[in-house]
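Just so it is clear, none of the values below were taken in a lab; they were calculated from the coordinates. Remember, it's a predicted structure, so these values are computed and weren't measured experimentally. Note: ideal-geometry Cβ built from the backbone for every residue, glycine included; neighbour counts use all protein chains shown.
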């Protein structure tokens, strides 16, 4: 996203030899100290940009090579899309047809700019995200974001796990609620506990195929209806709903998650991508990620528009989402109902798995940096999915998920959608804080020109700061109103 006059790209001229700041021997072994062991674990040593370690991967130069490395972006896409996004996009289609597709498209472009900027920060040195952030204010921003992530952890798992369990019970009516919920939650936790990042990435790839093929198939089937074509023609022109600013802001900020933007940097670190040479790889991967999210959002809007537009329907809860599925099943047949449920399950379970992973990375790294500062870059304290802080965050998430749902059961409070709204309200404050940090860190002269902010990045981050601050306020008012109404 940056525009600058830096002439170098940091691309290697041959295997193991880079044109950037650090020269290697041509054999893949760096002359600097603090090389990684070759195990695939991040070192956290703070190695400067362009100084690869022993066995470090070399950035590809061809499009085929770039496409072969797609993966972290798929994890980001699936972790960022959840049940609340289905509610938001279906409701947009039901109320406005196709006329608001431009709104969430704008939101995705802004989040791409934010994600690209935070990943450029990650590429500047072999350090974790929050190690970088300590360069501005020491422990201040890690403490602020730790509090936010701990609160997100309290509400996130309970809401998403409950919804996922309800879908499983709809697919298999004989399943009991609590044992099913425990199996779903513990399956995600065990996979993250014992599996390395690469295993989780492969699992997410499988769910991605089910989720996107299912949703796109439903959208295409919906478009085949005769009345659908009239709806498309009637609502295809973009509009601005002057009577509903909240709708616009919710669509801009609601598709794609805040924690996922930060978590992506840890996926990059686990893949051992570091230095300006990897900038183009990251951009392609992120572009693919947000294209996937866009396909999901457009498909759900199409389903909402073609089946519900002009009929007075309002999709404001997960129960209403089930109603949409039943309607599609009645019109298209039982196969469509099953496909809808399987796609819905893939959306919510990958949101649970990816959300736990992202929150564990972010919370764990905040804990690590706060504990170890100013020695957080010591190799002995490296951040990875094997780190003790990552495991501690998983335990916290599991305890909160089961604890909050138990309290709900005891008090008779059965509102998983409300829990998701509370989580969304808290997480909405993360993006403005992140935009501030990136504006401060990526404009320093110590950042190499290839990774430094230019006028375009600064403009995008400023727009993100203003827009997401407004959205955070709107989200908070909406959540408080929902809680009072509960």
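Rounded, prolate or oblate: pick one for segment 80-169, where a ≥ b ≥ c are the square roots of the eigenvalues of its C-alpha gyration tensor, a/c under 1.5 means rounded, and failing that, prolate if a/b is larger than b/c, else oblate.
oblate
Mind giving me the nanometre distance, one decimal, between the label points for residue 440 and residue 136, set 7 Å out from Cα along Cα→Cβ?
0.6
If the chain between residue 178 and residue 240 were fully stretched, how many nm would it gain, using 0.36 nm times the residue separation less the Cα-Cα distance?
Between residue 178 and residue 240, full extension yields an extra 17.9 nm.
Per 10 Å bin, what is the whole-percent P(r) computed from every C-alpha pair distance within segment 129-217?
13, 26, 36, 17, 6, 1
Provide Rg over Rh for segment 314-415; use the alpha carbon set for both Rg and the Kirkwood Rh (inverse mean inverse pair distance).
Checking Rg against Rh, the ratio lands at 1.19.
Just want the ordering: 464, 400, from fewest to most Cβ atoms lying within 10 Å of their own Cβ. Write down the numbers at each step before the final one.
Details: 464 25, 400 19.
So the residues, fewest neighbours to most, are 400, 464.
Roughly how many nanometres apart are two label points built 7 Å out from the Cα toward the Cβ at residue 462 and residue 216?
For the pair residue 462/residue 216, the computed spacing is 3.8 nm.
Go through 383-389, 440-446 and give me the packing order, highest mean Cβ count within 10 Å leading.
383-389, 440-446
Round to the nearest 0.05 the FRET efficiency obtained for residue 63 and residue 295 when R0 = 22 Å and r is the Cβ-Cβ distance.
Computed FRET efficiency for residue 63 and residue 295 comes out at 0.60.
Given a Förster radius of 35 Å and the C-beta distance between residue 194 and residue 331 as r, what FRET efficiency does 1/(1 + (r/R0)^6) yield to the nearest 0.05?
So, using R0 = 35 Å, E works out to roughly 0.20.
Would you calculate the separation in nanometres between label points at residue 109 and residue 287, each defined as 7 Å from the Cα along the Cα-to-beta-carbon direction?
1.5
Which of the three applies to segment 62-485, rounded, prolate or oblate, going by the alpha-carbon gyration tensor with a ≥ b ≥ c and a/c under 1.5 meaning rounded? Each step should come with its number before you reach the end.
Working: a/c = 1.64, a/b = 1.34, b/c = 1.22.
Prolate shape, in that a/c is at least 1.5 and a/b is the bigger ratio.
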